[in-house]
1. Three principal axis extents, largest first, for the C-alpha atoms of the range 375-476, in Å?
2. Starting from the Cα coordinates of the range 258-307, work out the convex hull volume and express it per residue in Å³.
3. Using a Förster distance of 22 Å, how high is the FRET efficiency between residue 98 and residue 339, based on the Cβ-Cβ distance and rounded to 0.05?
4. Go ahead and estimate [θ] at 222 nm for the chain from helices alone: -39,500 (n - 2.57) per DSSP H run with n ≥ 4, summed, over the residue count, rounded to 500.
5. Below 8 Å between Cα atoms, with a sequence gap of 6+, how large is the relative contact order for the range 523-648 in percent?
6. Considering the alpha-carbon set of the range 291-400 alone, what are its Rg and its Dmax in angstrom?
7. Using only the Cα atoms of the range 19-448, build the gyration tensor, take square roots of its eigenvalues as a ≥ b ≥ c, and label the shape rounded, prolate or oblate: rounded if a/c is under 1.5, else prolate if a/b is larger than b/c, else oblate.
8. Round to a whole angstrom and tell me the spacing of the C-alpha centers of the range 240-256 and the range 446-486.
Ligand code: WTA
């Protein structure tokens with residue numbers, strides 16, 4: 001059986017960068033991008049070395065740019081630097097000293113702004129708190145916090161003394177905390193009493209207490225007071241953040257770190273098996289995030305930059321904390337839900353703070369569409385100049401909505417493809433250079449040798465689907481899975497010879513643009529045709545009644561697999577048998593009869609991970625008529641699953 005994935009969805013719309021935008025951009029034309037890209041691929045080490053010299057502050061220069069013993073990479077070997085020094089101290093000598101580094105708004109509406117000077121001081125003080133509590137270079141520290149400046153302060157303080165942080169998303173349960181503490185061998189947990197979410201208080205400290213029952217390994221829990229909810233303090237183990245800060249001063253020289261010293265571990269759940277502790281190191285990771293922040297968002301010193309991802313995800317690590325701060329940018333952080341108290345909260349924040357760059361996820365965009373245009377339309381969004389997306393393929397119709405309703409037709413959209421493992425953005429438009437096609441992440445970033453290949457590793461012709469791989473190591477790549485080199489090798493470096501395998505399926509069009517068709521595991525095989533899920537979903541979402549769709553296969557005696565679509569409608573629409581038939585026809589027209597869903601099920605919501613990815617694995621089990629047996633610990637809302645089981649019609 002061929003593993004080539006067929007691709008039928010045609011998207012002809014194209015949006016060229018405006019002349020004014022190109023003129024002021026870091027990269028001003030497609031030709032300039034092409035030339036730089038070509039050079040960066042002919043000699044990646046030369047390219048990365050030049051960037052590392054220009055963008056980062058080194059205490060000692062490296063000796064060797066890359067040591068590559070597949071699948072293990074070492075970048076900038078012999079170099080010394082400190083990530084927190086790069087994100088803070090270097091901005092203290094000029095005007096950025098008094099520039100806002102973090103602007104924060106809590107869900108109830110409380111506000112804090114920290115300048116670079118203030119943030120630096122807080123980080124140094126908290127780094128001293130860590131030291132006071134016997135945390136040293138190489139120790140692992142769990143951070144389980146709400147979205148507040150202290151979460152970033154805790155991360156940067158770890159980086160300052162060389163401790164390895166592992167942030168656990170504040171929406172995860174005590175079980176998840178427990179597993180991660182165990183897996184990474186952490187000595188400390190940093191948490192808060194609680195955090196606000198949709199008007200309620202998430203009992204963070206209580207979850208930590210539950211995770212620490214019978215635990216001897218954690219010596220100290222530091223608790224930031226955020227929500228003033230009642231908590232239990234365990235004598236001898238727990239300490240208040242604000243109390244600890246009274247004992248220390250604001251002077252903490254950065255620890256000299258090797259380029260390859262670990263910076264953090266972040267757990268990501270694959271489609272099967274236990275979560276993997278993705279390990280990133282210092283110099284390469286920082287270079288990847290800083291360089292992409294600069295070019296992909298075409299960052300200017302006056303920007304107010306807002307990435308809505310939680311700090312518990314890699315997007316929050318790379319594009320709320322490390323990338324922007326390394327560039328001396330002003331970053332907005334918001335604690336709560338986008339629809340609290342009303343579905344216009346995001347737009348209100350953009351208006352209030354004059355946000356210029358907005359980076360969010362397709363799942364959020366589809367929710368905004370579903371809630372209705374009246375919410376963004378109530379606000380002045382004219383400060384925005386650039387929009388971004390990440391996390392899933394964006395359906396062309398959702399792209400168009402984002403472009404028109406949020407971007408007022410004037411803001412380019414950077415659809416950025418990357419992964420926890422890649423550390424930084426890999427495939428992306430550059431706003432002043434790349435003509436945009438809705439639904440395509442467009443072209444690879446400098447130094448990234450991305451390709452679509454068959455099982456033998458041969459590049460497939462245009463518009464033929466295959467496996468998305470990266471053929472050369474890059475600085476911000478994961479170095480290993482914590483404690484499991486074998487799994488690292490097997491998972492990423494054995495599927496296609498000599499290549500990093502992403503797990504995603506993709507095709508390139510005749511212009512070389514990348515179109516992600518979904519995870520390879522989700523690809524359907526209908527009567528011998530291999531179809532990516534994302535195209536069928538996009539076809540459904542392009543119907544005016546549809547808000548969101550997820551497509552899975554169901555075993556079928558004749559065709560191998562039948563196409564089952566789960567569809568949520570826009571708020572004002574109603575499910576009817578006629579609509580179901582119309583939608584089937586709509587897919588047939590957009591893609592072809594082969595992709596026409598055999599079954600369409602209307603649902604109020606779709607099962608998603610906490611980071612907003614649709615859990616097709618669960619839908620597959622439901623579509624097949626069976627019980628949901630797989631792991632559901634990463635599911636955001638159990639009610640959705642319960643309701644889905646009842647939606648056979
Ligand atoms: C998917 C998030 C299409 C993809 C940074 C990838 C995307 C996985 C895009 C990684 C995009 C991310 N277009 N698909 N622009 N961005 N993905 O580790 O399947 O949470 O492999 O990292 O999300 O998800 P992760």
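1. 53, 29, 24
2. Spread over its residues, the Cα hull of the range 258-307 gives 108 Å³ apiece.
3. Working: r = 35 Å, r/R0 = 1.59.
Plugging the Cβ-Cβ distance into 1/(1 + (r/R0)^6) gives 0.05.
4. Numbers: 20 runs with 186 residues, N = 649.
Computed ellipticity for the chain at 222 nm equals -8000 deg cm²/dmol.
5. Values: 208 pairs, mean separation 27.8, N = 126.
That works out to 22 percent.
6. 13.5, 37
7. Numbers: a/c = 1.62, a/b = 1.18, b/c = 1.37.
Oblate.
8. Taking the Cα centre of each part, the range 240-256 and the range 446-486 sit 42 Å apart.
No value in this document is a laboratory result; all are computed from the given coordinates. From a predicted model like this one, the values you see are computed outputs, not experimental measurements. Cβ: placed from backbone, ideal geometry, glycine included. Neighbour counts: every protein chain shown.
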